[in-house]
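For reference, the structure discussed in these notes is given below.
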């Protein structure tokens, strides 16, 4: 229950953040700090769930759902204010839709995205998708990317020189496109190992009845 409250709080907070941006320097600063907070809260809800014995397949699914809402709202918002192309959220959201649908099909057979019952079979797939190292690096990439985008919006409300802004913008694009590539790389094993759900029984034969 505690972990679920944290997840729901993140979902509410992301809409507050979007409402705060571009309303003056101090609100931009607050929104940027809150952006870093909601990304950090993603690790907190998992920790709380483990500490209080609240881990479950349903809880993991709720966590992923909360992540999707938070991330997609931010991807869409920063595209809408012109920080990058429309294609960035289009690619990320399309990837998420495919991955989440495959995971839903696997969930119906008792398989989860992460943990001991993960749908990933190959060791390379587990390492890239469900390992703590990969998940931690991806969370850090998203957190750094979104927080930096908030920082860019904040600095635009100050008198930063054009030369400095050009330098900061080059870093921005490196973070954005690097995060998108990492997102696609982590999605590939799910699509590859879950392709049987999409292509039919030839790749995912039915189980023998007992």
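Read the figures in this text as sums done on the coordinates, not as results from a lab. These numbers were taken from a predicted model, which means no experiment stands behind them. Ideal geometry is used to build each Cβ from the backbone, glycine not excepted, and the neighbour counts take in all protein chains shown.
Gaussian network model of the chain, Cα springs within a sub-10 Å range: biggest mean-square fluctuation belongs to which of 171, 76, 38?
So, out of 171, 76, 38, the one fluctuating most is 171.
Listing 145, 80 from the residue with the fewest other Cβ atoms within 10 Å to the one with the most, what is the order?
Ascending number of Cβ neighbours within 10 Å: 80, 145.
So between residue 105 and residue 166, what do we pick up on full extension, going 0.36 nm a residue minus the alpha carbon distance?
Fully extending the segment from residue 105 to residue 166 adds 17.4 nm.
How do 169, 41 line up, fewest other C-beta atoms within 10 Å first? Don't jump to the answer; show the numbers that get you there.
Details: 169 12, 41 18.
Least to most surrounded, the residues fall as 169, 41.
Could you list 64, 39 so that the one with the fewest beta carbons within 10 Å of its beta carbon is first and the one with the most is last?
Listing 64, 39 from fewest to most nearby Cβ atoms yields 64, 39.
If each Cα of the range 88-131 is one equal point scatterer, what is log10 of I(q)/I(0) from the Debye formula at q = 0.24, 0.30, 0.32 Å⁻¹?
-0.85, -1.01, -1.05
Using a Förster radius of 22 Å, what is the FRET efficiency between residue 155 and residue 90 based on their Cβ-Cβ separation? Nearest 0.05, please.
Values: r = 27 Å, r/R0 = 1.21.
The pair residue 155/residue 90 has a calculated efficiency of 0.25.
Using the Kirkwood formula over every pair of different C-alpha atoms, what hydrodynamic radius in Å results for the chain?
Every distinct Cα pair counted, the radius reaches 18.5 Å.
Tell me the relative contact order for the chain as a rounded percent, counting alpha carbon contacts under 8 Å between residues six or more apart. Don't skip to the end; give the middle numbers.
Details: 188 pairs, mean separation 53.4, N = 210.
Relative contact order of the chain: 25 percent.
Any idea what log10 I(q)/I(0) is at q = 0.15, 0.17 Å⁻¹ for the range 113-197, Debye with uniform C-alpha scatterers and no solvent?
Summing over Cα pairs of the range 113-197 leads to -0.64, -0.73.
Note down the nm distance, to one decimal, between modelled labels 7 Å out along Cα→Cβ at residue 81 and at residue 29.
Simple spin-label model gives 1.6 nm for this pair.
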